[in-house]
Amino acid sequence: MPAATEIAAALGLMDNVIGVSHECDFPTEANTRPRVTHCPVHNAGLASKEVDEWVRRALREQGTIYMIDEPLLRRLQPDVILTQKLCDVCAVGYGTVARLAEALPGPPQVVNLEPSSLSDIFDDIRHVAEACDATKRGEEVIANLSARVETVRKRVAHVADRPRCFLMEWVDPPFCSGHWGPELVEIAGGHDPLGRKYQPSAQIDWQEVLNARPEIIVLALCGYDVDRARRDYQLLRQFPGFDSLPAARNGAIYLVDASAYFARPGPRIVDSLEILAGILHPKEFPEFAFRKREFATP
């Protein structure tokens, strides 16, 4: 999965990465590695409602939306497989990978990454480092990321204004954010009245958004970059009562690259926090203004 590849890269292990998922795209070297997974809906150009319907149907009928190239994996002969048990929609399910690993020569060690919070993401970096004999480097990476988080936390400690910020994970149907999403908003100096902190994201009724009256809306659409989010923003504008929201009236709607940042629980999750800090409190975080312009579009 993409986050695992990024963790390996941060640990200086890209030379050891022999295979990646169909979604792995960072760092650049990931694009040169064999891809051992496939998803029919990936880059298929479907509308968000069509994606949601396809995923629900595939999970109901097949139990998964991904396929693993088993012959390729056998040829690669991995010593370690990094996988996840967090979400069957986000990546190949843990059970599928574990069963396949048992049938491979070795068998390879399977490392499960299942974060629900920021600290869990840091723990995952530690787990990968331990499995790959990079413990010292892992602690250095975690220390650096933790220091950046604490810098944001301390600088917003004196800020009285904590705007209501709806971190939206999907538009059609509407989904609130979960897991680490509301935590990022909180650390960055805001409050997500609809978020499910440390819990899976969930479909919500649009009326709940209208009732929450968010002052800021961040479209962090799972798996979508800014261009894809821009298309769904046009759809969101057509929802009944949208223009009545404080965020809409004040032009405080931001589109972010959730594929690279918010939905990817790897080292760049701290970049996501800094992007949020720049959105919520631009005067307090002027050094993140360039990130706001680059990754968030009013």
Next item on the list: Give me a count of the residues in segment 108-130 that are closer than 26 Å to residue 185 by Cα, open to solvent by less than 20 Å² (accessible area, probe 1.4 Å) and modelled with pLDDT of 95 or more.
Entry: 5
Margin query: If residue 95 satisfies all but one of (1) without any contact (Cβ under 8 Å) to a residue 12 or more places away in the chain; (2) within 23 Å of residue 66 (Cα to Cα); (3) touching a helix residue (DSSP H, G or I) at 6+ places or on another chain (Cβ under 7 Å), what's the number of the condition it fails?
Written below: (3)
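Do you know which of the residues in segment 212-252 that are among the aromatic types (Phe, Trp, Tyr) and assigned to a helix (DSSP H, G or I) is least open to solvent (accessible area, probe 1.4 Å)?
Within segment 212-252, the match that is least open to solvent (accessible area, probe 1.4 Å) is 242.
Residues to consider are 82, 167; find the one that is surrounded by 21 or more Cβ atoms within 10 Å (Cβ to Cβ), modelled with pLDDT of 95 or more, among the hydrophobic types (A, V, I, L, M, F, W, C) and not in a helix (DSSP H, G or I). First the steps, then the outcome.
Working: 82 fails: modelled with pLDDT of 95 or more.
Result: 167 is the single residue among 82, 167 that is surrounded by 21 or more Cβ atoms within 10 Å (Cβ to Cβ), modelled with pLDDT of 95 or more, among the hydrophobic types (A, V, I, L, M, F, W, C) and not in a helix (DSSP H, G or I).
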Checklist line | Identity of the residue in segment 253-292, in a loop (DSSP other than H, G, I, E, B) and among the small types (Gly, Ala, Ser), that ends up nearest to the chain's Cα centre (by Cα) | finding: 263
Check: When residues of segment 31-54 are filtered for being surrounded by 13 or more Cβ atoms within 10 Å (Cβ to Cβ), at pLDDT 70 or above and part of a helix (DSSP H, G or I), how many remain?
Finding: 6
Notebook entry, point to check: residue 262 passes all but one of (1) at pLDDT 95 or above; (2) touching a Gly at 6+ places or on another chain (Cβ under 7 Å); (3) surrounded by fewer than 16 Cβ atoms within 10 Å (Cβ to Cβ); which number fails?
Noted result: (3)
Margin query: Among (1) in contact (Cβ under 8 Å) with a residue 24 or more places away in the chain; (2) part of a helix (DSSP H, G or I), there is one condition residue 194 misses while meeting the rest; what is its number?
Written below: (2)
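Scan segment 106-161 for residues that are charged (D, E, K, R) and not in a helix (DSSP H, G or I) and jot them down. Talk me through it step by step, then tell me what you get.
Kept after step one, since they are charged (D, E, K, R), are these residues of segment 106-161: 114, 120, 123-124, 126, 130, 133, 136-137, 139-140, 148, 150, 153-155, 161.
Hits for segment 106-161 are 114, 133, 161.
The values are calculated or read from the model by the stated rules, or taken from the named source; none is laboratory data. In this text, all values refer to a predicted model and were calculated from it rather than measured experimentally. As a convention, Cβ positions derive from the backbone with ideal geometry for all residues, glycine included, and neighbour counts pool all protein chains shown. These accessible areas exclude ligands, DNA and RNA; they are computed on the full protein's heavy atoms, side chains included. Shrake-Rupley method; radii C 1.70, N 1.55, O 1.52, S 1.80 Å.
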